[in-house]
Amino acid sequence: MAEPPSPTASPSSADEPAGGSTRVVRIDDAADPRLDPFRDVRDRVLRGDSGLFMAESARVVRRLLRSGHRVRSVLVTPGGRAALADDLDARGGSLEVLEVPEGMEVAVAGARFHGGALALGERPRRPPSVEEVLARAGSAPPEGPRRIVLGEGITHADNIGSLFRSIACLGGHGAILDGACADPLLRQSIRFSMGRVFSTPWTSTDRLTDAIATVRRAGFVIAAAELSPRSRAPRELPRDRDVAILLGAEGAGLSPGSLAAADLVVEIPSPAPRDGDDPASLNVAVAAAILLYELGR
């Protein structure tokens, strides 16, 4: 049974325990100021002074709650709350959980959010170093050679999200992106990654060629995916070595400097005919998935 409203609560809200130790604030008024952090939020606002990011859907929020990220607040419908009950309880009383009736989320967030759950997470105060990402990659299962992805100029958030999903699901251990890549903590990136961005070690750097040199010193073979006279078949990737797959934007490809820094270049063969002057090319996340699968065979 819900407890009576506290003296400081609005008449349309009440606190109640959610299973174990988490307390849920039930809010029935869409204008309640406690909902303001979730109101029509845009990524450009979150990336500003607030230092926050937004995760959407019960599955994605669950992965966020199970990660090491700090979570400031969670907004749920009754269905979302039920789906996340164990994970909300595991976070304990330090987590603010706001519950609104089914349908009210549209009035608050501007659209119906998937799975009845939104969460505001706090961005790390500083990005990890390349060395820290490699150390975390070395401690992540499965055992065996490490596989990471290096990204240059991948500007679409959906591609970045899908890239992280491929890394997590096909035996990859981490990602290092240059500053031109889309932010992995954009709402769309998080959604396309299915929350895998929270469990995959990653960082962003403005000096990708320096990062490549650091990765090579750590024992990795740098394998660039590019259409080039130097290109080899993916089957020639060294499966017994640590490998960093270097990927560029779908249009421009890799810069000459990054391509020159690679130890070898691989090209995924395609039976499709050329479209005029354009060879058949794959989505960058699909290419990463194929190469990671090839390395794991």
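The values are calculated or read from the model by the stated rules, or taken from the named source; none is laboratory data. Here the structure is a predicted model, which is why all the values come from computation and not from measurement. When we count neighbours, we look across all protein chains shown, and the Cβ atoms used for this are built from the backbone with ideal geometry, even at glycine.
When restricted to residues that are among the acidic types (Asp, Glu) and under 16 Å from the mean Cα position of the chain (by Cα), the stretch 136-189 contains 3.
Across the stretch 113-132, the qualifying residues are those that are part of a helix (DSSP H, G or I) and in contact with a helix residue (DSSP H, G or I) (Cβ under 6 Å, 6 or more places away or on another chain), and the one among them that is modelled with the lowest pLDDT is Gly115. In this entry, Pro78 is excluded by the filter for residues that are under 23 Å from Val197 (Cβ atoms), surrounded by fewer than 18 Cβ atoms within 10 Å (Cβ to Cβ) and in contact with a strand residue (DSSP E or B) (Cβ under 8 Å, 6 or more places away or on another chain).
A Cβ distance below 8 Å, combined with a sequence gap of six or more or placement on separate chains, defines the contacts here; from the stretch 146-165, residues that are outside the structural domain of Ala288 (by TED's automatic domain parsing) reach no residue that is part of a helix (DSSP H, G or I). Could you please find all residues in the stretch 211-255 being surrounded by fewer than 17 Cβ atoms within 10 Å (Cβ to Cβ), within 23 Å of Pro145 (Cβ to Cβ) and of a type outside the set (Gly, Ala, Ser)? Result: Arg216, Arg217, Arg230, Arg232, Arg235, Glu236, Pro238, Arg239, Asp240, Arg241. When the stretch 140-191 is filtered for residues that are over 21 Å from His69 (Cβ atoms) and surrounded by fewer than 20 Cβ atoms within 10 Å (Cβ to Cβ), the ones remaining, listed by number, are Pro142, Glu143, Gly144, Pro145, Thr155, His156, Asp158, Leu170, Gly171, Gly179, Ala180.
Among the criteria (1) more than 27 Å from Val61 (Cα to Cα); (2) assigned to a helix (DSSP H, G or I), the one Ile167 does not fulfil is (1).
Screening the candidates Arg230, Arg241 for the property of being closer than 22 Å to Leu208 by Cβ, basic (Lys, Arg) and modelled with pLDDT of 90 or more yields one hit, Arg241.
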